[in-house]
Amino acid sequence: MFPRMSTIIPMLTEPFVQRALLAALFLGPVCALLGVFVIARRMAFFSDTVSHSALAGVALGFWWGFAEPTIPMVGFTLVVAVAMMWLMEKTDLLTDTILALLLSGSVALGVIILSLLHGRNYQGELNRYLFGDILAVGWEDVGLAGSLLVVVGVGVFLNLSSLTLLAAQEEMAHVCGVPVRRLNYLFVIVLTLTVALSIRLLGIILVTSLIVIPPAAARSLSRNLRQQIILSIVFGLLAGAGGTLLACELDLPCGPTIVMTCVGFFLLSLGIGKLRQEKTARAGVA
Amino acid sequence: MSAACCQSHNTTPVEVRDLRVAFDGQPVLRGVTFSIPHGQLVALIGPNGCGKTTLLRCLLGLQKPTSGEIKLFGQSNLKLALPRIGYVPQRLALDRSFVLSVREFLALRLRRTRNWFWQSRATTDRLLHETLADIGVEGLLDRPLARLSGGQLQRVLIAFSLLTRPELLLLDEPTAGVDTPGEESFYGLIANVQRKHHLTVVLVSHDLSMVYKHASHVYALNGVICCEGTPEHVLNAESLKQAYGIHVSPYEHHHPHAH
């Protein structure tokens with residue numbers, strides 16, 4: 001069932017496996033690191049909306065004649081993310097309403113354009129983006145993922161205190177001198193770029209899980225934020241790399257396999273966390 | 001601290017002149033004027049929707065007034081006054097899935113502990129120690145912030161706001177969600193801290209009995225300042241009716257004490 005060393009090593013000589021594995025090794029920790037702040041700020045639905053809006057970006061890219069629609073996809077998701085922020089700031093609409101509106105609107109637009117372009121055969125193209133396609137990961141995607149890892153890693157650790165204050169209370173962050181509005185927009189833009197660049201590997205539907213599940217798994221085993229951040233990154237890294245290798249070995253779709261690896265880590269840490277709690281409670285009673 | 005004290009004696013901590021704020025054309029503050037001298041514990045009372053929180057947000061520079069003027073320590077650019085201000089909110093927006101410990105939270109406030117991620121616990125504790133001993137939160141340092149009781153969280157928020165040794169402390173209904181004994185000890189703590197550090201404190205509160213006991217000056221707000229003065233002067237049936245628009249029982253003052 002699980003890959004053995006003897007099968008992993010020849011597999012690693014395949015260029016498409018190398019590309020997918022490197023992309024997963026870069027994107028797993030980035031998603032998991034941002035995820036700590038995404039779940040703290042209850043922004044999982046926000047990330048889901050951004051990822052779904054990518055479908056319209058992809059469809060528009062094909063329509064405009066792009067063979068590889070990465071640029072229109074990233075561009076469109078950024079427009080949707082900034083539109084979301086603007087609507088939240090300037091209107092009385094509930095956040096959920098804004099997100100649902102943009103999510104379903106983008107998906108509908110994307111499906112209509114794809115069906116106009118490909119006729120009744122648009123589902124094949126749609127599936128590649130909905131669930132990810134390991135063969136679609138090119139060297140330029142790997143380069144972008146690597147650059148993202150460096151930029152996000154350095155950016156988050158340089159602004160760790162400000163991001164943490166922002167997650168705790170915006171007014172307090174303001175009093176402490178944090179440029180709240182600027183940092184909010186910056187965080188949303190970085191999150192959007194990460195989501196958009198992870199879609200090739202994981203797919204529109206599944207990308208949010210690599211952001212949300214590692215920090216949720218880390219939570220059960222952490223006593224403080226430092227531990228949660230470190231464990232989340234480790235889970236992201238292991239789920240990304242382990243899931244990709246499993247998918248290649250077992251000939252399974254890559255995105256869903258990475259997600260199920262994340263779920264496995266989550267269940268494991270939940271169990272360990274509960275056992276640890278019971279042990280502490282028993283020690284307290286004794 | 002002493003240099004800051006001398007400086008603050010020369011400038012009034014809070015001056016507000018004819019402050020007006022409207023939301024969608026609906027006036028919330030309709031010409032508020034007051035000033036708070038150094039070293040007072042001032043309470044801002046009034047019914048829901050009277051503009052207390054809007055006024056506090058204006059003082060923090062989070063809400064742009066429609067017209068009027070605010071000066072903090074003689075400074076119209078409120079951003080420049082922020083380092084001299086401590087702020088205690090009603091609550092934090094923390095999700096329980098965010099395992100921020102009290103130690104890490106407190107470390108966010110000081111420049112020298114802002115690298116908490118890379119610092120050892122002992123180093124962070126040593127740098128935080130001086131203020132923590134005052135407030136009595138040393139026993140809570142390892143606890144996750146999102147799992148504290150209302151009273152414990154308020155103590156931590158006070159400790160957080162005092163770390164930079166502010167001259168002006170702004171508190172927005174700080175005991176919402178805290179039980180009565182917790183409230184009593186919280187207000188006692190604020191009064192102690194105010195005396196010890198010669199702070200100016202502005203407290204938005206619903207709790208008239210605590211205001212009566214601890215405040216040195218009270219402003220009753222209802223779009224405008226309806227009345228102001230000592231707690232004995234403001235917290236009587238007539239003044240409260242002016243502020244709240246309905247009859248509110250004044251606080252019965254049984255125990256004589258000096259304010």
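Each value in this text was obtained by applying a stated rule to the coordinates, not by laboratory testing. Small disclaimer: the values here were computed from a predicted structure and weren't measured. We place every Cβ from the backbone using ideal geometry, glycine too, and count neighbours over all the protein chains shown.
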In whole Å, how far is the Cα centre of region A:86-143 from that of region A:24-78?
-> 9 Å
Rounded Å value of the spacing that divides the Cα centres of region B:149-163 and region A:170-236 = 26 Å
Per-residue mean of other chain beta-carbon atoms within 10 angstrom of the beta-carbon, peptide B:85-98?
-> 5
Highest-MSF residue in chain A out of A:D141, A:D92, A:D251 [GNM, Cα springs under 10 Å] = A:D92
Rounded to whole angstrom, the alpha-carbon centroid of region B:111-141 lies from that of region B:32-88 at a distance of 30 Å
Pick out which of A:G255, A:G124, A:G110 has the largest mean-square fluctuation in a Gaussian network model of chain A, springs linking Cα atoms closer than 10 Å.
-> A:G124
Net charge near A:A32 (other residues with Cβ under 15 Å of its Cβ; Lys, Arg +1; Asp, Glu -1) is +2
Charge dipole (debye, nearest 20) of chain A; +1 at Cβ of Lys and Arg, -1 at Cβ of Asp and Glu | 880 debye
Could you put B:S120, B:S209 in order, starting from the residue whose Cβ has the fewest other Cβ atoms within 10 Å?
-> B:S120, B:S209
Compute the relative contact order of chain B as a whole-number percentage, counting only Cα pairs closer than 8 Å that sit 6 or more residues apart in sequence.
-> 25 percent
If we count other beta carbons within 10 Å of each Cβ, what is the order of A:T194, A:T97, B:T11, fewest first?
-> A:T97, B:T11, A:T194
Among the trypsin sites (Lys or Arg not before Pro) within region A:1-95, which fall in a DSSP loop and have no more than 10 other Cβ atoms within 10 Å of their own Cβ?
-> A:R4
Going fewest to most other Cβ atoms within 10 Å around each Cβ, B:R20, A:R200, B:R84, B:R111 line up as B:R111, B:R20, B:R84, A:R200
Taking springs between alpha-carbon atoms closer than 10 angstrom, which of B:A220, B:A122, B:A191 fluctuates most in the Gaussian network model of chain B?
-> B:A122
Ignore the peptide's own chain and count Cβ atoms of other chains within 10 Å of each Cβ in A:150-161; give me the average, rounded.
-> 2
With the 8 Å Cα cutoff and a minimum separation of six or more residues, region A:5-280 has a relative contact order in percent of 32 percent
Under the rule of -39500 (n - 2.57) per DSSP H run of 4 or more residues, summed and divided by the residues of the protein assembly as shown, what mean residue ellipticity at 222 nm is obtained, to the nearest 500 deg cm²/dmol?
-> -19500 deg cm²/dmol
In debye to the nearest 20, how big a dipole does region A:86-162 give about its Cα centre with +1 on each Lys and Arg Cβ and -1 on each Asp and Glu Cβ?
-> 140 debye
Is the shape of region A:55-191 best called rounded, prolate or oblate, per the rule: a/c under 1.5 gives rounded, else a/b larger than b/c gives prolate, else oblate, with a ≥ b ≥ c the square roots of the Cα gyration tensor eigenvalues?
-> oblate
In percent, how large is the relative contact order of region A:219-286, given Cα pairs closer than 8 Å and 6 or more residues apart?
-> 33 percent
Return the Cα extents of the protein assembly as shown along principal axes one, two and three, sorted largest first, each rounded to a whole Å.
-> 87, 61, 42
Which listed residue (A:G65, A:A100, A:C176) has the Cα farthest towards the positive end of the charge dipole for chain A, taking +1 on Lys and Arg C-beta and -1 on Asp and Glu C-beta about the Cα centre?
-> A:C176
Positive-end residue of B:G51, B:L110, B:H233, charge dipole of chain B with Cβ unit charges | B:L110
Kindly identify chain A as rounded, prolate or oblate by the Cα gyration tensor criterion: order the square roots of the eigenvalues as a ≥ b ≥ c, call it rounded if a/c is under 1.5, otherwise compare a/b with b/c, prolate if a/b is larger, else oblate.
-> oblate
Cα gyration tensor category, rounded, prolate or oblate, for region A:184-286 with a/c compared to 1.5 = oblate
Cα lying deepest toward the dipole's positive end in chain A, options A:S51, A:G153, A:P256, charges on Cβ | A:G153
With only Lys, Arg, Asp and Glu charged, each at its Cβ (+1 for the first two, -1 for the last two), find how big the charge dipole of the protein assembly as shown is about the Cα centre; round to the nearest 20 debye.
-> 920 debye
